[in-house]
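Asker: Quick one: the structure is below, and I'll ask about it shortly.
Derivation of every value follows stated rules applied to the coordinates shown; laboratory data play no part. Predicted model only: the values in this text are computed from it and were never measured. Neighbour counts run over all protein chains shown; Cβ positions are idealised from the backbone, glycine included.
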């Protein structure tokens with residue numbers, strides 16, 4: 001929080017009015033012996049004297065904070081301003097100016113509090129709701145203290161607040177699938193026997209086997225010790241590629257329509273959350289308009305938070321990176337690659353093909369909104385239509401290359417792709433002898 | 001008036017809170033009440049003056065943090081002084097209290113942004129303060145009427161003392177307001 005002093009105690013136009021009319025009117029009433037004028041002037045003179053006698057002598061001190069600084073989109077945080085040293089203050093007001101994707105309650109952004117003579121502190125607070133993911137700078141909050149009769153005002157700006165709104169992952173689920181497991185722990189069944197929960201078979205006891213694995217019924221029948229063998233549980237590596245180079249469609253925030261970037265970010269969050277809850281490792285690479293952000297593979301709640309933080313830092317805008325920078329991005333070995341893109345720029349599709357040629361399983365999730373409003377301008381509209389036709393051709397070409405392109409539809413979007421991977425994993429393979 | 005100013009004016013209407021609308025209504029009604037009190041004391045309805053005051057009061061209600069309110073007060077008082085000679089008419093304190101209410105409601109409206117609402121405690125406090133000053137005004141009127149009925153001669157010493165008191169008070173107010 002940084003408090004910028006705008007003005008110390010200053011007389012308001014109301015005080016100038018009361019003083020001017022009071023003094024000039026009283027003088028005129030006395031000089032010209034006009035008792036009627038005296039009656040009109042007296043209330044203004046009383047108010048001027050009252051205001052002057054109760055003029056605050058010292059500047060109040062403002063301590064402001066926004067807590068929590070990080071919320072999920074759609075959730076609210078609270079700005080609280082505490083004014084101390086408020087002797088002779090009548091009431092205090094705070095104005096939180098309107099800002100895109102930030103809603104205040106009350107909607108006007110104005111909160112006020114009455115100050116009594118015995119109060120030592122005045123507290124102003126206003127909930128602020130983030131209606132879209134991202135990092136939102138709060139406009140300078142204008143705090144004003146007012147003395148009796150509105151005669152004097154003191155004003156500061158409370159600045160330098162940023163609210164981080166983490167994307168609210170869409171509802172996502174995928175049918176249980178057999179992914180290519182290559183880690184040490186996790187929920188995916190390995191092809192190898194080991195410590196796990198899924199039954200593999202019963203075999204003779206070997207040195208090192210745990211006693212709790214001994215199958216006593218089988219051991220009694222066979223007259224030698226046997227143990228229940230299991231498949232080891234292992235995790236998979238999901239590599240997410242997020243194309244945030246451009247945003248298409250109108251975003252209405254959490255309560256309205258979703259733009260392509262909204263869908264991309266929320267889908268990426270949903271997929272990451274889903275696989276992390278299963279114990280898999282997730283890495284992410286974001287092609288933003290300003291930078292390429294990389295999150296290495298990891299799992300757990302803190303890693304999910306890290307991924308959501310990086311997604312929240314995306315700012316839609318014109319691309320400033322070239323195709324080379326995208327193509328140079330590293331692809332982890334044995335990973336299941338999922339690319340989220342509106343597929344308007346051909347970079348994502350080219351990258352998907354290059355990943356697929358390395359033998360990795362890769363799927364492209366199409367996040368372009370179905371109800372995309374084309375431009376009102378005839379030429380731009382025509383250009384858009386041509387580009388969308390080209391896009392269809394490019395998508396078909398990618399599909400012919402063996403890369404599935406899936407339209408994002410929430411829960412179950414990736415099921416056909418995951419089933420395809422499972423079939424591939426269980427299919428007989430040619431082996432050299 | 002350019003397009004931006006018109007838009008700002010429209011925003012002033014759209015974004016105003018119900019409390020601000022109440023303040024604005026009172027800011028138009030109170031000087032109008034003072035003008036009607038003048039007409040009642042004078043037994044003459046000055047329609048042009050009513051229209052002028054209503055227009056000025058409406059402007060000051062929309063922009064309460066301006067000097068238009070001072071013009072409204074001056075016009076109303078000038079009208080009274082020009083039209084009514086009597087000071088023992090009860091319409092005089094009525095008009096004075098109306099102007100006090102106008103000043104009070106304009107000052108209160110100016111202390112909060114257009115869409116905001118003040119807490120109930122604040123408005124009640126201002127209401128009590130205004131009623132107190134209003135009562136003092138009526139008391140002053142009673143004193144003035146009493147002295148007027150005694151028809152006492154003017155006292156130059158008392159007048160000079162009063163002028164000195166007013167000048168001293170003015171200087172004190174000025175120095176305390178500016179520093």
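Asker: Please compute the average number of Cβ atoms from other chains found within 10 Å of each residue's Cβ in peptide A:109-122.
Answerer: What the average comes to for A:109-122 is 3.
Asker: A further question follows. Any chance you could list the semi-axes, whole Å, largest first, of the equivalent ellipsoid that the Cα gyration tensor gives for the stretch A:343-382, using √(5λ)?
Answerer: Largest first, the stretch A:343-382 gives 31, 12, 4 Å.
Asker: In Å, what Kirkwood hydrodynamic radius results for chain B from the alpha-carbon pair distances?
Answerer: 18.4
Asker: Then there's this: Given the C-alpha atoms of the protein assembly as shown, compute the convex hull and give its volume per residue in Å³.
Answerer: Enclosed volume per residue, from the Cα hull, is 225 Å³.
Asker: Over the stretch A:96-152, what is the mean sequence separation of C-alpha contacts under 8 Å (at least six apart), divided by residue count, expressed as relative contact order in percent?
Answerer: Relative contact order comes out at 43 percent.
Asker: Additional query: I want to check the label-to-label distance for residue A:217 and residue B:44. Put each point 7 Å from Cα in the C-beta direction and report it in nm to one decimal.
Answerer: 11.7
Asker: Taking only C-alpha pairs under 8 Å that are 6+ residues apart, what is the relative contact order of the stretch A:1-118 in percent?
Answerer: After rounding, I find 18 percent.
Asker: Next up: Within 10 Å of each Cβ in peptide B:95-102, how many partner chain Cβ atoms are there on average? Round it to a whole number, please.
Answerer: The per-residue average across the peptide is 3.
Asker: At a 10 angstrom cut-off on C-beta neighbours, averaged per residue, how do the peptides A:213-225, A:273-285, B:135-147 rank from highest to lowest?
Answerer: Those peptides, ordered most packed to least, come out A:273-285, B:135-147, A:213-225.
Asker: May I pose another question? Would you mind getting me the FRET efficiency between residue B:160 and residue A:49? Use the beta-carbon distance for r and R0 = 25 Å, nearest 0.05.
Answerer: 0.75
Asker: Using bins 10 angstrom wide from zero, how does P(r) for the stretch A:119-170 break down, in % of all Cα pairs?
Answerer: Once binned at 10 Å, the Cα pair distances of the stretch A:119-170 give 18, 37, 25, 14, 5, 1.
Asker: Could you work out the Rg to Rh ratio of the stretch B:12-86, with Rh taken as the Kirkwood radius (inverse of the mean 1/r over all Cα pairs)?
Answerer: Result for the stretch B:12-86 is an Rg/Rh of 1.03.
Asker: Which of the peptides A:52-61, A:117-126, A:95-104, A:202-211 is most tightly packed, and how do the rest follow, judged by the mean count of other Cβ atoms within 10 Å per residue?
Answerer: Highest mean packing first, the order is A:95-104, A:52-61, A:117-126, A:202-211.
Asker: Just checking the output field for B:114-126: average partner chain Cβ neighbours within 10 Å of each residue's Cβ?
Answerer: Partner Cβ neighbours, averaged per residue: 5.
Asker: Can you tell me the relative contact order of chain B? Whole percent, Cα pairs under 8 Å, sequence separation 6 or more.
Answerer: About 28 percent, as a whole number.
Asker: Arrange the peptides B:95-108, B:77-90, A:385-398 so that the one whose residues have, on average, the most other Cβ atoms within 10 Å appears first.
Answerer: Put in order of decreasing packing, that is B:95-108, B:77-90, A:385-398.
Asker: Arranged by the count of other C-beta atoms within 10 angstrom, fewest first, what order do A:226, A:15, A:157 take?
Answerer: A:157, A:226, A:15
Asker: Apply the Debye scattering formula to the stretch B:51-155, with a single equal point scatterer on each alpha-carbon and no solvent, then give log10 I(q)/I(0) at q = 0.13, 0.19 Å⁻¹.
Answerer: Values, matching the q order: -0.60, -1.04.
Asker: Can you compute the FRET efficiency between residue B:171 and residue A:135 using 1/(1 + (r/R0)^6), with r the Cβ-Cβ distance and R0 = 60 Å? Round to the nearest 0.05.
Answerer: 0.65
Asker: Here is a follow-up. Using only Cα atoms, tell me the angle between helix B:18-42 and the longest principal axis of chain B; keep it within 0 to 90° and round to the nearest 10.
Answerer: Compared with the principal axis, the helix lies near 30 degrees.
Asker: If I model a spin label as a point 7 Å beyond the Cα along the Cα-Cβ vector, how far apart are those points for residue A:371 and residue B:119 in nm?
Answerer: Taking the simple label geometry, residue A:371 and residue B:119 are separated by 4.4 nm.
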